[in-house]
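The values are calculated or read from the model by the stated rules, or taken from the named source; none is laboratory data. As the structure is a prediction and not an experimental result, all values here were calculated from the model. Positions of Cβ are generated from backbone atoms using ideal geometry, with glycine treated the same way; all protein chains shown enter the neighbour counts.
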Amino acid sequence: MAGLWYCAGCPRFADGRNQIDSHAADTRNDRMLKPVRSRVRPAKSGGRFAIVASEYNPRYVDGMLRAARAELKRAGAAEVRVVRVPGAFEVPVVAGVLARQHPPLDAVICLGVIMQGQTSHAQHVGEAVTAGLMELAVTTGVPMIHEVLVFTSEEQARVRCLSREFNRGTEAAQTALKMAAVLREIAAADDGIPF
């Protein structure tokens with residue numbers, strides 16, 4: 001799970017963590033940061049999606065939310081329901097309630113921003129959210145698109161949440177659309193024989 005919080009291209013501390021503050025503003029050195037471009041053809045996907053978005057750190061979460069909604073709209077999503085929760089820690093419980101609704105959703109996009117402070121609190125919240133979303137995805141069969149991000153600087157958040165080129169909200173919507181297509185394809189090919 002360390003890859004969710006630390007840059008792979010950075011030198012490491014003695015305990016194995018990456019030193020990311022030395023070049024947070026230099027996106028060229030971040031091998032994990034890939035440009036995101038809309039590849040969606042208009043009005044094709046249909047599908048029912050939910051977005052659970054934290055109210056905490058609204059500038060950054062709202063940037064991802066706008067990008068995700070725009071990408072789903074471009075794809076022709078039939079329904080996009082947005083539910084706001086107080087903070088990142090509350091995302092999994094609401095995502096779970098939405099995943100169990102009928103008719104089922106095609107995917108739940110989970111958005112949040114956690115800023116690393118001087119304690120390990122942000123890491124604990126990030127790990128708990130990750131574990132909760134993974135468990136929900138496996139137990140409900142509804143993809144949980146995880147974009148609850150932990151940042152060590154405002155610059156990292158700005159690049160990944162407010163820019164068009166690297167916006168993780170766009171990426172989350174694209175992943176949701178792809179997962180919905182994959183699961184539809186599996187369901188269509190299902191011959192009724194268990195694995």
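Of the residues that make up the stretch 31-41, is at least one modelled with pLDDT of 95 or more, surrounded by fewer than 24 Cβ atoms within 10 Å (Cβ to Cβ) and out of contact with any strand residue (DSSP E or B) (no Cβ under 8 Å at 6 or more places or on another chain)? Can you show your working first?
Keep residues of the stretch 31-41 that are modelled with pLDDT of 95 or more, which gives none.
No, the conditions are met nowhere in the stretch 31-41.
Here's the yes/no breakdown for (1) surrounded by 12 or more Cβ atoms within 10 Å (Cβ to Cβ); (2) within 16 Å of Val52 (Cβ to Cβ); (3) small (Gly, Ala, Ser):
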residue	(1), (2), (3)
Ser120	no, no, yes
His124	yes, no, no
Ala137	yes, yes, yes
Phe151	yes, no, no
Phe166	yes, no, no
Thr170	yes, no, no
Leu177	yes, no, no
Arg184	yes, no, no
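Evaluate the stretch 80-89: report whether one residue or more is farther than 17 Å from Tyr56 by Cβ, of a type in the set (A, V, I, L, M) and either touching a residue at least 12 places away in the same chain (Cβ under 8 Å) or assigned to a strand (DSSP E or B) (or both). Don't jump to the end; show me each part of the working.
Of the stretch 80-89, the ones farther than 17 Å from Tyr56 by Cβ are 80-81.
If we keep only those that are of a type in the set (A, V, I, L, M) as well, we get 80.
So of that shortlist, the ones also either touching a residue at least 12 places away in the same chain (Cβ under 8 Å) or assigned to a strand (DSSP E or B) (or both) come out as 80.
Among the residues of the stretch 80-89, at least one is farther than 17 Å from Tyr56 by Cβ, of a type in the set (A, V, I, L, M) and either touching a residue at least 12 places away in the same chain (Cβ under 8 Å) or assigned to a strand (DSSP E or B) (or both), which makes the answer yes.
Selection within the stretch 131-179: residues that are among the β-branched types (Val, Ile, Thr) and farther than 23 Å from Gln101 by Cβ. The member of this set that is nearest to the chain's Cα centre (by Cα) is Thr170. Residues in the stretch 49-62 that are assigned to a helix (DSSP H, G or I), surrounded by 23 or more Cβ atoms within 10 Å (Cβ to Cβ) and of a type outside the set (Ser, Thr, Tyr): Val61 alone. Pairing residues of the stretch 178-195 that are modelled with pLDDT of 90 or more with residues that are part of a loop (DSSP other than H, G, I, E, B) and not aromatic (Phe, Trp, Tyr), at Cβ distances under 6 Å and at least 6 apart in sequence or on separate chains, gives Met179/Pro143; Ala180/Gly47; Ala180/Asp106.
Once the stretch 66-85 is narrowed to residues that are farther than 22 Å from Met134 by Cβ and either hydroxyl-bearing (Ser, Thr, Tyr) or out of contact with any Lys or Arg (no Cβ under 9 Å at 6 or more places or on another chain) (or both), the residue that is surrounded by the most Cβ atoms within 10 Å (Cβ to Cβ) is Leu72.
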